[in-house]
Amino acid sequence: MHVDLSSLRLEKDTLINLLTSKDQESFNYLYTKVDGLRKEFVGDQVHLRGLIELTNHCRCRCAYCGIASDNTAVTRYRMTKEEVMASAKRAMESGCKTVVLQGGEDPGIKKEWLADMIKQLKKEFGCAVTLSLGERSKDELVAWKKAGADRFLIRFETSDPVLFRRLHPHHSETQLEDRITLLKSLRKMGFEIGSGVMIGLPGQTYESIADDILLFQKLDLDMVGVGPYIPHPETPMGRSYKEQPPIFVQDSVETAYRVIALIRLVCPDLNIPSTTSIETSEEGGYLKGLQRGANVIMPNFTPLQYRKLYEIYPDKTCVNQGEVSKKSLTKWLASIGRTISDSKGFRNKCSNDHRESCRKRAKC
Ligand code: 5AD
């Protein structure tokens with residue numbers, strides 16, 4: 001297995017060969033090279049983004065997601081401003097410089113309410129604010145940007161339009177193209193933009209994962225998050241997991257690591273989280289992800305009584321864990337030679353010259 005690490009361009013065939021390679025030893029060697037690349041481009045500091053799961057109300061009926069509106073077994077909640085502020089305070093005390101307000105696509109989150117919330121967070125903590133609230137109207141997005149929101153995350157989940165349709169069978173309004181258009185308009189509005197995909201979905205091919213990676217590169221995203229798909233028993237996709245179209249991806253966790261590494265290779269300067277679904281699938285996965293190209297962790301600061309209700313997939317790692325302290329995070333990261341970042345962790349977009357010198361220093 002030979003990969004030319006000095007090139008930003010990997011052909012689709014090369015990506016497929018790498019994703020499907022049975023030569024794990026060579027891939028492990030590639031991981032060490034990618035770790036060097038990560039160090040040169042984004043350094044040893046790990047950005048902590050404090051996750052606050054604001055609401056589990058959702059108007060969508062995504063076939064994979066445990067909080068889809070069809071799941072009537074879920075007790076629904078929406079946090080108050082006071083609860084969000086208290087959670088954000090704890091996130092700041094633990095070393096986060098960003099709060100991520102994540103939630104279902106909840107019409108109960110009103111434009112003015114969230115704009116005030118964002119202003120209050122910025123005023124009180126001076127932190128970066130990331131939103132991850134599904135597809136919202138232009139009017140709302142403009143208001144939230146104006147209020148001070150810095151980033152917006154919305155995964156396109158897969159670049160295969162047929163599979164996308166299977167994931168979102170009921171949304172006559174949601175098409176893959178709409179997601180892509182939304183990402184582009186978020187960028188124009190001045191947000192940093194993040195997206196991502198799930199790995200190991202029924203019917204998902206390695207070829208489409210190679211396309212996902214190429215699309216990340218084409219969209220010039222600031223952040224990309226990927227993690228294994230975890231079937232949820234109370235969802236249409238989870239219920240018929242075994243009867244769904246063939247599962248081509250044999251080891252979704254290893255493939256997720258490979259995708260992280262390949263993203264770092266083709267888009268070396270962007271921010272990549274080591275995701276909760278990786279840790280949920282494999283204990284120790286957070287650290288492994290950080291050693292295979294990732295440079296971001298999103299610790300959970302949702303109040304414990306709500307956390308178990310935000311069950312997008314079962315047995316989410318953070319559900320029974322208490323909150324992590326700055327001291328324990330520092331020690332944990334030090335075990336792999338990393339530190340908590342002292343910056344808000346915006347993407348430091350590299351010039352081509354800088355790219356060249358980083359790659360030379362990483363000896364690729
Ligand atoms: N397994 C893994 N990831 C999931 N997500 C939603 N449901 C699941 C699941 N069952 C991911 C989606 C979504 C993000 C917030 O969580 O990619 O965009």
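The values are calculated or read from the model by the stated rules, or taken from the named source; none is laboratory data. Keep in mind it's a predicted model, so treat the numbers as computed, not measured. A quick note on method: Cβ atoms are made from the backbone with ideal geometry, for glycine too, and the neighbour counts reach across all protein chains shown. All accessible areas refer to the heavy atoms of the entire protein, side chains included, with ligands and DNA or RNA removed. Shrake-Rupley method; radii C 1.70, N 1.55, O 1.52, S 1.80 Å.
Miscellaneous remarks
- Residue in the range 149-174 that is farthest from the chain's Cα centre (by Cα), counting only those that are polar (S, T, N, Q) and within 16 Å of the ligand (Cβ to nearest atom): Thr174
- Among the residues making up the range 193-214, those that are over 14 Å from the mean Cα position of the chain (by Cα) and either of a type in the set (Ser, Thr, Tyr) or open to solvent by 30 Å² or more (accessible area, probe 1.4 Å) (or both) are Thr205, Tyr206, Glu207, Ser208, Asp211, Leu214.
- Every residue from the range 188-201 that is touching a residue at least 12 places away in the same chain (Cβ under 8 Å) and either in a helix (DSSP H, G or I) or under 15 Å from Leu270 (Cα atoms) (or both): Met189, Phe191, Glu192, Ile193, Gly194, Ser195, Gly196
- So Glu82, is it open to solvent by 20 Å² or more (accessible area, probe 1.4 Å) and not basic (Lys, Arg): yes
- Of all residues in the range 204-227, those that are of a type in the set (Phe, Trp, Tyr) have Cβ atoms under 8 Å from Cβ atoms of residues that are not in a helix (DSSP H, G or I), 6 or more apart or on another chain, in Tyr206/Phe248; Tyr206/Val249; Phe216/Ser195; Phe216/Val224; Phe216/Cys267.
- Top-ranked residue of the range 296-310 - restricted to ones that are assigned to a helix (DSSP H, G or I) and open to solvent by 10 Å² or more (accessible area, probe 1.4 Å), ranked as nearest to Asp342 (Cα to Cα): Leu304
- Tally of residues being among the hydroxyl-bearing types (Ser, Thr, Tyr), open to solvent by 40 Å² or more (accessible area, probe 1.4 Å), over 20 Å from Thr55 (Cβ atoms) and at pLDDT 95 or above across the range 128-183: 1
- All of (1) more than 16 Å from Cys65 (Cα to Cα); (2) out of contact with any helix residue (DSSP H, G or I) (no Cβ under 6 Å at 6 or more places or on another chain); (3) open to solvent by 10 Å² or more (accessible area, probe 1.4 Å) hold for Val259 with one exception: (3).
- Condition check for Cys358: within 16 Å of the ligand (Cβ to nearest atom) and touching a residue at least 40 places away in the same chain (Cβ under 8 Å): no
- Screening Lys316 with (1) on the phi > 0 side of the Ramachandran plot; (2) surrounded by 17 or more Cβ atoms within 10 Å (Cβ to Cβ) gives one miss only, at (1).
- Selected residue [among the basic types (Lys, Arg) and over 29 Å from Ser341 (Cα atoms)] from Lys145, Lys122, Lys138: Lys138
- For Gly293: the one exception among (1) within 29 Å of Glu192 (Cα to Cα); (2) in a helix (DSSP H, G or I): (2)
- Output for the range 231-252, where each listed residue is touching a helix residue (DSSP H, G or I) at 6+ places or on another chain (Cβ under 6 Å) and open to solvent by 20 Å² or more (accessible area, probe 1.4 Å): Pro231
- Subset of the range 320-341 [within 21 Å of the chain's Cα centre (by Cα), open to solvent by 50 Å² or more (accessible area, probe 1.4 Å) and in contact (Cβ under 8 Å) with a residue 60 or more places away in the chain]: Glu323, Thr339
- Helices (runs of 4 or more DSSP H) fully within the range 217-282 counting 2 or more residues that are in contact with a strand residue (DSSP E or B) (Cβ under 8 Å, 6 or more places away or on another chain) and away from the ligand (no atom under 12 Å from the Cβ): 252-266
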